[in-house]
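**Student:** There's a structure below that I have some questions on.
The values are calculated or read from the model by the stated rules, or taken from the named source; none is laboratory data. The shown structure was predicted, so the numbers you read here are calculated from the model rather than taken from an experiment. Every residue, glycine among them, receives a Cβ derived from its backbone with ideal geometry; neighbour counts consider all protein chains shown. Side chains are part of the model used for accessible areas, which takes the heavy atoms of the whole protein and leaves out ligands, DNA and RNA. Shrake-Rupley method; radii C 1.70, N 1.55, O 1.52, S 1.80 Å.
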Amino acid sequence: MLMPPPPNSSSSILRKSRFSPYLFTLVVFIFFVSILRKDLACVFSQQLQLDLAPATAPPATEKKREKLAFEIGKLEGCDVFSGSWVRDEVTRPLYDESDCPYIPPQLTCQKHGRPDRSYQYWRWQPHGCNLPRFNASMMLESLRGKRMMFVGDSLNRGQYVSMVCLLHSLIADDAKSMETFDSLTIFTAKEYNMTIEFYWAPFLLESNSDNAVIHRISDRIVRRDSINKHGRHWKRVDIMVFNTYLWWITGSNMKILQGSFEDEAQDIVELSTEDAYRMAMKSMLRWVRKNMDPKKTRVFFTAMSPSHGKSIDWGGEQGDNCYNQTTLIEDSNYWGSDSKKSLMKVIGEVFSRSKFPITFLNITQLSSYRRDAHTSIYKKQWSPLTPEQLANPVSYADCIHWCMPGLQDTWNELLFTKLLYPH
């Protein structure tokens, strides 16, 4: 029987030297584990350093406040509406009545015989900071290529005229103009390609008092959900300044029209002044939300302008009013009976729910001290005065509107401050 040949020694050695597939897999696994271990150690080391580092950055969930349009800086920790009036015969007034041809005759107190100028020499001084002085050049540059519009009643028209008076002297005569088209008045500065406008809408909503000239109607009616009647004229405005207050104060409930003024049989309901005012505020905010861009535009609301029709409010004689008043009210807590806090509360409630940033010009308290600054009897009268009125000036003194220059220039100083330094 033949025996198998002996194995070749060299081939046997080669077979013994080969790696088995299992051994190869094990070596590769160990290699990758070692590399991964180094990477993980580096990652954990970095994470540990981050966890131990001081928490100097805000939490990721904290939303950073977005910069408002026209904002250039801050006034840290300063309420510019809280302060006192300081006599200043150096920097006041900011312009002279005779130098501003745009002041209507109802507000030119010097021209109509007011014997003193003391009302012109008061400057508002906030507690804890200084109010930036109105800079006409900076304001004009901010308005370059823009539209600024005041919407509301005659008090907002006064603030509008004040703004024009503060700016117009820097504009050449042949490069500026003022025109009126029904409810809309437009001041144009050609060099700056900008306009400052006023739109008459005393309730903001459509009403039977919308005629810019003939609107003295005692039986006032406001149409519900009608802001677009006026709002179509406000579109594409860059800075909007609203006001509405005085016309809501009728002494009784407000009449609200449910349908149209064109209806033969009008559906009219009555609401309390507060509920009617709330309706208007909500309509205004809805319009703002739909038509204004919070990243490019600004919206202001000027608080109620106080009147001084009852001197008994500040300790005066029964039956007297702002007539012949040349001094300020010194009681820092003074609040006149003509200023309804219930409507201020409505403003606070509605605005607090607004997602669109509204800048509230809270001028009521600071203006309440200024019983001296009204036009009183020193203005153009709408109709000839009777002998009885002439014998009793208190009977026809205007304790609602303000002489110019005067208090409303301060309102615009505050607007200027809040436009550029809103926080």
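**Student:** Would you point out the residue of the range 312-338, among those that are within 22 Å of K379 (Cβ to Cβ) and of a type in the set (S, T, N, Q), that is most open to solvent (accessible area, probe 1.4 Å)?
**Tutor:** The residue in question is N324.
**Student:** Could you list all residues from the range 175-206 that are open to solvent by 10 Å² or more (accessible area, probe 1.4 Å) and either closer than 19 Å to W248 by Cα or in contact with a helix residue (DSSP H, G or I) (Cβ under 7 Å, 6 or more places away or on another chain) (or both)? Spell out how you get there, then give the answer.
**Tutor:** At the first step, the residues of the range 175-206 found to be open to solvent by 10 Å² or more (accessible area, probe 1.4 Å) are 175-186, 188, 190-193, 195, 199, 206.
Matches in the range 175-206: A175, K176, K190, E191, Y192, Y199, E206.
**Student:** Of everything in the range 384-420, what is in contact with a Lys or Arg (Cβ under 6 Å, 6 or more places away or on another chain) and farther than 19 Å from M304 by Cα? Give them in sequence order.
**Tutor:** If the condition is that a residue be in contact with a Lys or Arg (Cβ under 6 Å, 6 or more places away or on another chain) and farther than 19 Å from M304 by Cα, then no residue fits.
**Student:** Report those helices (runs of 4 or more DSSP H) wholly inside the range 308-423 carrying at least 2 residues which are in contact with a helix residue (DSSP H, G or I) (Cβ under 6 Å, 6 or more places away or on another chain) and in contact (Cβ under 8 Å) with a residue 24 or more places away in the chain. Please lay out each step first, then the result.
**Tutor:** Numbers: elements: 341-352, 364-368, 387-391, 407-420.
Output list reads 341-352, 407-420.
**Student:** Can I ask one more? Check V350, V269 and return the single one that is more than 22 Å from L414 (Cα to Cα), open to solvent by 20 Å² or more (accessible area, probe 1.4 Å) and in contact with a Leu (Cβ under 9 Å, 6 or more places away or on another chain). Lay out the reasoning, then the answer.
**Tutor:** On the way: V350 fails: open to solvent by 20 Å² or more (accessible area, probe 1.4 Å).
Of the residues listed, the single one that is more than 22 Å from L414 (Cα to Cα), open to solvent by 20 Å² or more (accessible area, probe 1.4 Å) and in contact with a Leu (Cβ under 9 Å, 6 or more places away or on another chain) is V269.
**Student:** Something else about it: Can you list the strands (runs of 3 or more DSSP E) found entirely within the range 188-284 that contain at least 1 residues being free of Cβ contacts under 8 Å to residues at least 60 places away in the same chain? Reasoning before the result, please.
**Tutor:** Numbers: elements: 194-200, 221-223, 239-242, 254-257, 268-271.
Once the strands (runs of 3 or more DSSP E) in the range 188-284 are filtered for at least 1 residues that are free of Cβ contacts under 8 Å to residues at least 60 places away in the same chain, what remains is 194-200, 221-223, 254-257, 268-271.
**Student:** With the requirement that a residue be surrounded by fewer than 20 Cβ atoms within 10 Å (Cβ to Cβ), more than 24 Å from P115 (Cβ to Cβ) and among the hydrophobic types (A, V, I, L, M, F, W, C), what does the range 359-388 give you?
**Tutor:** F360, the sole residue that qualifies.
**Student:** From the list A397, A391, exactly one residue is more than 30 Å from the chain's Cα centre (by Cα), open to solvent by 70 Å² or more (accessible area, probe 1.4 Å) and aliphatic (A, V, I, L, M). Which is it?
**Tutor:** On the way: A397 fails: open to solvent by 70 Å² or more (accessible area, probe 1.4 Å).
Testing whether each residue is more than 30 Å from the chain's Cα centre (by Cα), open to solvent by 70 Å² or more (accessible area, probe 1.4 Å) and aliphatic (A, V, I, L, M) leaves just A391.
**Student:** Could I ask something else about it? I217 is checked against (1) open to solvent by less than 10 Å² (accessible area, probe 1.4 Å); (2) over 27 Å from the mean Cα position of the chain (by Cα) and fails just one. What number does that condition carry?
**Tutor:** Exception for I217: condition (1).
**Student:** Going by what's in this entry, would K355 be described as closer than 30 Å to L271 by Cα and either surrounded by 23 or more Cβ atoms within 10 Å (Cβ to Cβ) or charged (D, E, K, R) (or both)?
**Tutor:** Working: closer than 30 Å to L271 by Cα: yes; either surrounded by 23 or more Cβ atoms within 10 Å (Cβ to Cβ) or charged (D, E, K, R) (or both): yes.
Criteria met by K355.
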